[in-house]
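Report on the structure given below.
The values are calculated or read from the model by the stated rules, or taken from the named source; none is laboratory data. This is a predicted model, so every value here is computed, not measured. Backbone-built Cβ (ideal geometry, glycine too); neighbour counts: all protein chains shown.
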Amino acid sequence: MKNIKTKNIINCPLCKKNKTNIIYDFNKYKILKCKNCGFCYLSPRPVSAEELYKNDYFDEKYSLEKSDFQEINKKINENKAMIKNVLKFKKNGEFLEIGSNYGFFLAVASANGFNTTGVEINSRCAEFAEKVLNLKIVNENIENVNFPEKKFDVIFMSHVLEHFDNVIDKFKKINSWLKDDGIIVIKVPDFECLESKRDKEKYRGLSVPYHYSHFTLKTLKKLANIISLKVIFIDIWIDYKVSEKIFFMKKLIKKQNEQLKFDSEKLNIPKVYYKEDFISKLKHFIKTKLLFYFRGRSITVIMKKK
Ligand SMILES: [Zn+2]
């Protein structure tokens, strides 16, 4: 990591203006905030994505044994809430995940009726998804990937967009693969979450030098607008540490933190039956409108073409 080649970003990647404040300074790397549009981004930043991700990134951060089915099942089951968000808008069709990692979410999407494809830069993760989870994966950098125009009904990116250099160009390319009535689902760390405000330059979501962009709901909407997309749905994580202090949240938190139990030697991929009823609408309203202030870690938005 020491000798990694970097470049300076002079103009704001979103609005192209060049007036910025340094909000965090890590010597070699700085996080800047655009005075015009409020977008926060890393500069200088590493030049090559391959250099960052092909070698030790996943080995260090997300090492996993192929035979550890309990852990694999746990990871797969963490995706239940997310697939419900997708099923609100699409029930089946062609599904692309960019940055599919070990394939846990793709496995859930596949079990719930989608015809799935993954793109993954790291060969160890791609191999795991293909061999252990039987998924179709393109083991490539997104820059070298091409799909037919308007092929996909759903394009999903979880904790991926913040890693992109030339975020607008890449997003435009990805959007060209989307059907006219398709949706793009994006999950990113929320730069305005409580943890970020509390921990400041120690906030783990900064992930220097891996995260090039630090999105907020406002800058995500701005990015969507540039690509001629609009945000049609928002979901948040709730900051458990803070919300534990609120009495009526305790039950909800306990339920979500319960240890999942699985058969130890087989894959257990959940099928989710989502029904848009009054209770689920009410829960979503409470979470995203009343508890928006307690948002933690990440924010999910769903976009479609204008
Ligand atoms: Zn800007």
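Among the residues of the stretch 281-306, write down those that are of a type in the set (Ser, Thr, Tyr) and modelled with pLDDT of 85 or more. Answer for the stretch 281-306, where residues must be of a type in the set (Ser, Thr, Tyr) and modelled with pLDDT of 85 or more: THR288, SER298, THR300. On inspection, LEU229 does not qualify as at pLDDT below 95, buried (at least 16 other Cβ atoms within 10 Å of the Cβ) and either among the aliphatic types (A, V, I, L, M) or on the phi > 0 side of the Ramachandran plot (or both). Within the stretch 253-280, the residues that satisfy the criterion of being at pLDDT below 60, surrounded by 10 or more Cβ atoms within 10 Å (Cβ to Cβ) and part of a helix (DSSP H, G or I) are ILE253, LYS254, GLN256. The requirement of being assigned to a loop (DSSP other than H, G, I, E, B) and either of a type in the set (Val, Ile, Thr) or at positive phi (or both) is not satisfied by ILE155. Against the numbered list (1) over 21 Å from ILE227 (Cα atoms); (2) more than 18 Å from the chain's Cα centre (by Cα), ASN144 comes up short only at (1). Taking the criterion of being within 12 Å of the ligand (Cβ to nearest atom) and touching a Phe, Trp or Tyr at 6+ places or on another chain (Cβ under 7 Å), the residues of the stretch 38-52 that qualify are CYS40, TYR41.
Among residues of the stretch 10-37 being surrounded by 18 or more Cβ atoms within 10 Å (Cβ to Cβ) and more than 19 Å from GLY205 (Cβ to Cβ), the one that is farthest from the ligand (Cβ to nearest atom) is THR20. Within the stretch 187-225, can you find the residues that are part of a helix (DSSP H, G or I) and closer than 25 Å to LYS173 by Cα? Passing the criteria: LEU217, LYS218, THR219, LEU220, LYS221, LYS222, LEU223, ALA224, ASN225. Tell me whether the stretch 177-184 contains one or more residues that are modelled with pLDDT of 95 or more, more than 14 Å from the chain's Cα centre (by Cα) and in a helix (DSSP H, G or I). No, every residue in the stretch 177-184 fails to be modelled with pLDDT of 95 or more, more than 14 Å from the chain's Cα centre (by Cα) and in a helix (DSSP H, G or I).
Could you pull out the residue among SER110, SER123 that is more than 21 Å from ILE302 (Cα to Cα), hydroxyl-bearing (Ser, Thr, Tyr) and over 17 Å from the mean Cα position of the chain (by Cα)? None of the other options fit; the residue is SER123.
Selection of the stretch 120-132 for residues being aliphatic (A, V, I, L, M) and buried (at least 22 other Cβ atoms within 10 Å of the Cβ) yields ILE121, ALA126, ALA129.
Please work out if VAL167 is of a type in the set (Val, Ile, Thr) and in contact (Cβ under 8 Å) with a residue 24 or more places away in the chain. Yes: the conditions hold for VAL167. Taking residues in the stretch 137-152 that are among the aliphatic types (A, V, I, L, M), and partners anywhere that are surrounded by 15 or more Cβ atoms within 10 Å (Cβ to Cβ) and assigned to a helix (DSSP H, G or I), the pairs with Cβ atoms closer than 6 Å and at least 6 places apart or on different chains are ILE137/ALA126; ILE137/ALA129; ILE137/GLU130.
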